[in-house]
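Input: a single structure, listed below in structure tokens.
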Amino acid sequence: MFARLRRRPVLGWVFYDWANSAFATTVMAGFFPVFFKQYWSAGADPTVSTFRLGVGNGVASLVIALLAPLLGAMADRGGTRIRLLALFTVLGAASTAAMYWAGKGDWPLAILLYAGASLGFAGGIAFYDSLLLDVAKDENEIDLVSAYGYSAGYLGGGLLFAVNVAMTLKPAVFGLSDAAQAVRLSFVMVAVWWIVFAIPVLLFVREQKPSVPLGPVAGMKAGWTELFITLRSLREYKTVALFLGAYWLYIDGVNTVIKMAVDYGLSLGFEASSLIVALLITQFVGFPAAIAFGWLGKRFGPKPAIQAAILVYFAITIWAYWLDNVGEFYAMAIAIGLVQGGIQSLSRSLYGRLVPPHKAGEFFGFFNMMGKFAAVIGPLLTGGVALATGSSRLAILSLVILFALGSLLLHRVRLPVGERGSGSSKQPVE
């Protein structure tokens, strides 16, 4: 099995997770929340900066949520998933590099660039995820290949993040004037890393093209038509629709934890350096844990493993409300690392079992749309609760509702036996 995972298409696909995880780790989860609060929003009340960050995350997610299914449908009809992946990668990397020039106190420009980078990141993922069905030969591979990608992302993102953290802790060693310059340079390094390690997926992965590919304009028209047809036909794919509802809820909590954890720690008065160390812990615990979840998905099925991960997140969220020292924050980082990659990779592979293979781009567009709509509500929810109550603890506690409802809906999802692309509920298995 592991020899099959060393095929060039699989390795090329996996390296894209290695590439874009630098943005997810160094920028999204790590430096951007800290730098936004302490540098770009210098002098603002902590709850106000939390609200600004929540709105920025939410608006960026809303844009990609609205675009994702249309772009997916266009890519399916035009056979352009690889090219669109490259386009969004360039957008994300260029916006990330441009953060170097956002000055102190210039939070509107920082938010604008972050929105562009997030759009590139999320748009790239929409097409990257849909290529899973092109590189995994059968259902026996899909869980492991998906987990392989996430584990590589944790390792690659963690390695660059470790270098970036060292730069901020000892800037003089790297010939830098201070930690702020180190953080700004880290944004440029992420952009270069993202571009360079995206090259293998462009070289080695070959997508299944339609019999009659359409040009950009015709593809856009066909995309709109197919989008509305698919929306109407979701009634025929009840299992897919039910899973998307569950995913929308529980992944909302996961995305919000990723994006707001550092901001939450800062609001509790923890040192930024301690929070960055916690993120590193999550990354390096997540590397073997994601692989282990791939094995669990193959052994017991993806659905029970996802439910176990949701239960862990539910407990973590309650624990976070009572959090009062950095040691507990480190312990929480370990717990998150054990399940974060697993819940993401197995959600992707479970969805891949349910969708029609010939409409993978379009349906994965819906998949990513639900994830991004979830990322709209979660940050706005925590930011709004923090602003209204003045309590970051109550803000983080509000996420338990999302995990509970997501678990309940997922329990109702029935998997068809031996029908990878069917959304019917006949011959259900738990």
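The values are calculated or read from the model by the stated rules, or taken from the named source; none is laboratory data. Keep in mind that what you see is a predicted model, and the values were worked out from it rather than measured. In this analysis, Cβ positions are derived from the backbone assuming ideal geometry, glycine residues included, and neighbour counts consider all displayed protein chains. These accessible areas exclude ligands, DNA and RNA; they are computed on the full protein's heavy atoms, side chains included. Shrake-Rupley method; radii C 1.70, N 1.55, O 1.52, S 1.80 Å.
Only one entry in Val59, Val34, Val10 is open to solvent by 10 Å² or more (accessible area, probe 1.4 Å), farther than 25 Å from Asn164 by Cα and either modelled with pLDDT of 80 or more or not charged (D, E, K, R) (or both), namely Val59. May I ask you to verify whether Ala97 is over 17 Å from the mean Cα position of the chain (by Cα), in a helix (DSSP H, G or I), among the small types (Gly, Ala, Ser) and surrounded by fewer than 24 Cβ atoms within 10 Å (Cβ to Cβ)? Criteria met by Ala97.
Report whether or not Arg184 is modelled with pLDDT of 90 or more and of a type in the set (Lys, Arg). Criteria met by Arg184. Taking every residue in the stretch 266-282 that is under 19 Å from Leu338 (Cβ atoms) and pairing it with any residue that is open to solvent by 20 Å² or more (accessible area, probe 1.4 Å) and among the hydroxyl-bearing types (Ser, Thr, Tyr), at least 6 positions away or on another chain, the pairs with Cβ-Cβ distances below 6 Å are Ala278/Tyr330.
Residues that are under 19 Å from Phe287 (Cα atoms) and surrounded by fewer than 20 Cβ atoms within 10 Å (Cβ to Cβ) were ranked within the stretch 156-166; the one that is farthest from the chain's Cα centre (by Cα) is Val163. Applying the condition of being touching a Gly at 6+ places or on another chain (Cβ under 9 Å) and farther than 24 Å from Gly158 by Cβ to the stretch 318-354 and asking which residue is modelled with the highest pLDDT yields Leu350. Of the residues Asp143, Asp134, the single one that is surrounded by fewer than 23 Cβ atoms within 10 Å (Cβ to Cβ) and in a helix (DSSP H, G or I) is Asp134. Taking the stretch 27-45 as the range and being in a helix (DSSP H, G or I), in contact with a Lys or Arg (Cβ under 7 Å, 6 or more places away or on another chain) and of a type outside the set (A, V, I, L, M, F, W, C) as the test, only Tyr39 passes.
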